[in-house]
Every structure is written in C-alpha cells, then in structure tokens.
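Notes follow once the structure below has been shown.
The values are calculated or read from the model by the stated rules, or taken from the named source; none is laboratory data. Keep in mind that what you see is a predicted model, and the values were worked out from it rather than measured. Here the Cβ positions follow ideal geometry from the backbone for every residue, glycine too, while neighbour counts run over all protein chains shown. Keep in mind that these areas ignore ligands, DNA and RNA; they rest on the heavy atoms of the full protein, side chains included. Shrake-Rupley method; radii C 1.70, N 1.55, O 1.52, S 1.80 Å.
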Amino acid sequence: MPTLFLIRHGQASFGADDYDVLSPIGHEQAETLGQWFAQEGIVPDLVAHGTLRRQKETMAGILKGLSHEMKAEEHGGFDEYDFASLLSAKYAEGGAPEGMMSDHKSHFRTLRSTVAEWQRDEILNPPERWSDFVTRVETACRAIMREGVETVFAVSSGGAIAQAVAALLEAPGVHQTRMQLQMKNTAITRFLFTPRSTYLHSFNETPHITAANADRLLTYA
C-alpha cells in the first residue's frame, strides 16, 4: 500500500542566532536514519521537503545515508509555523517570560499557551492565521500523496506533522500541540494512502535510534 514517511527534521540550533541550521547531531541523526532505510530496503520514488534549511539538510543527510541520489520537491506547506514571530506578536506590548527564546522549559511552556490562543484566533497580528496554517499543511500532504507513487519521504517540522495527524484523526487543537511537543528529531510518522482514503499507520517512530546510540541521538529540539 502506498506509504508516506513524514519525517521531522534533525536537531536544529536552539538558542543560536540562526535556529534553522542542523547541529552536528542533527546531521548524524539524518544519515543514521538513511542508513536504517537502506538496511530495510526502503527506497523512495518521491522525496519532498519544505523551504526551511533544516528540512533540506535533513533530506540531504537521509539520502546520503541511503546512498541514493534524488531531486526533492519543495512544498512550503511543510514549513513550521513561525514560532518566534508568533511569540513576538503575543508579547508585542511586553511581558514576555524570562528565557522565552533561550531556555527550553520556559520556551515550550510559553509556546503551549500561545498556540492555544492562536488556535482560537486570539493573537493580534500573528505572522500567519491558524486556519491558513491548517490549509497549507493539508495542501502539501495532498500534493505528494498522489496516484502513481508507492513510497514517499517528506521532511517537515513538528508543528506541521502534528497538524497533519490531528487533522486526519479529527482531533481538537490541543492534541496537535501535545503531539508536537513530544516529537523526536528525525522521528517518522507513517500514513498509508489510496486515492480515496488516508490512514495513520504509526506516529513518532525512531527505529534508527537504539540503546547503543540514544544517549547521543535522542533529542527533541
């Protein structure tokens, strides 16, 4: 049955001047995932990613580990929502929590409550409306789950992947956020699809991360 492997990007550079760059661990995660695909004999006939650098670098690492060259389609719908600008819009008048963009606990606690307000359309002048985010994720998924392909790899981000799953399950927005915040770097979410239906087969898998390498490769940011 045709399968979409929807893959979160590798570890990015949280707290750095440019988050949108894979860390050395992120590059290793991507290549290790590609090697796992090679061991399993899983080779894509379509690959895609969003427009973000960390997504492109992750796909390049996967293909390197797989020893497979292929041109990727680019779909902006797979991009993460702009969490930095969303938080800035939320606290445009001040009052941002200390460490909001540098401390993991402060950042994700603040993000959780801010996204809930965004979903209710309560953030003034957000970088993107929630409804537009939902639509673009759905459009990107539909574009690659098309007739004539059997195995699709798509690299995206935690928020977009969580929204794709939440939409398929018709789950309330709060579950989108809960799924996003538990998603591991280079984790796989699998959709099985036909021209008429799409099915969630698995969520947040990391078969390439084992007891032998988890201390180094198991990351969430």
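What share of all Cα pairs of segment 1-82, in percent, falls into each consecutive 5 Å distance bin?
Using 5 Å bins, I get a P(r) of 3, 16, 25, 26, 18, 8, 3, 1, 0 for segment 1-82.
For segment 1-148, what is the charge dipole size about the Cα centre, in debye to the nearest 20, if Lys and Arg each add +1 at the Cβ and Asp and Glu each add -1 at the Cβ?
Values: 15 positive and 24 negative charges, 49 e Å.
In total the dipole reaches around 240 debye.
Heavy atoms only, 1.4 Å probe, whole protein assembly: order GLU93, GLU28, GLU57 by accessible area, highest first. Each step should come with its number before you reach the end.
Values: GLU93 175, GLU28 65, GLU57 35 Å².
From most accessible down to least: GLU93, GLU28, GLU57.
In bins 10 Å wide, starting from 0, what share of all Cα pairs of the chain does each bin hold, as a percent?
Going out from 0 Å in 10 Å bins, the chain shows 8, 35, 37, 17, 3, 0 percent.
Between segment 94-133 and segment 170-186, how far is it from one alpha carbon centroid to the other, in angstrom?
15 Å
Would you mind checking the pairs LYS56/LYS105; LYS64/LYS105; LYS90/LYS184 and listing those with alpha carbons more than 32 angstrom apart?
Details: LYS56/LYS105 27 Å; LYS64/LYS105 34 Å; LYS90/LYS184 26 Å.
As for pairs spanning more than 32 Å Cα to Cα, those are LYS64/LYS105.
Can you find, among PRO127, GLY76, ALA166, the residue farthest towards the positive end of the dipole of the chain? Put +1 on the C-beta of Lys and Arg, -1 on that of Asp and Glu.
ALA166
What whole-number value in Å² describes the accessible area per residue of segment 10-90 for a 1.4 Å probe? If you can, show how the numbers build up before the last one.
Working: 3570 Å² over 81 residues.
For segment 10-90, the per-residue accessible area is 44 Å².
Does anyone have the angle between helix 53-66 and the longest principal axis of the chain? Alpha-carbon axes, 0 to 90°, nearest 10?
20 degrees
Which trypsin sites (Lys or Arg not before Pro) from segment 39-130 combine a DSSP loop assignment with at most 12 other Cβ atoms within 10 Å?
Numbers: sites: ARG53, ARG54, LYS56, LYS64, LYS71, LYS90, LYS105, ARG109, ARG112, ARG120, ARG129; in loops: LYS71, ARG120, ARG129.
Sites meeting the loop and neighbour criteria: LYS71, ARG120, ARG129.
Using a 1.4 Å probe, how large is the accessible area of TYR220, given in Å² and rounded to the nearest 10?
110 Å²
Under the rule a/c < 1.5 gives rounded, and otherwise a/b versus b/c splits prolate from oblate, where does segment 82-136 land using the Cα gyration tensor?
On the way: a/c = 2.15, a/b = 1.65, b/c = 1.31.
Since a/c reaches 1.5 and a/b is larger than b/c, the shape of segment 82-136 is classed as prolate.
Where the accessible area of segment 26-174 is counted over protein heavy atoms with a 1.4 Å probe, how much of it, in %, is carbon and sulfur?
48 percent
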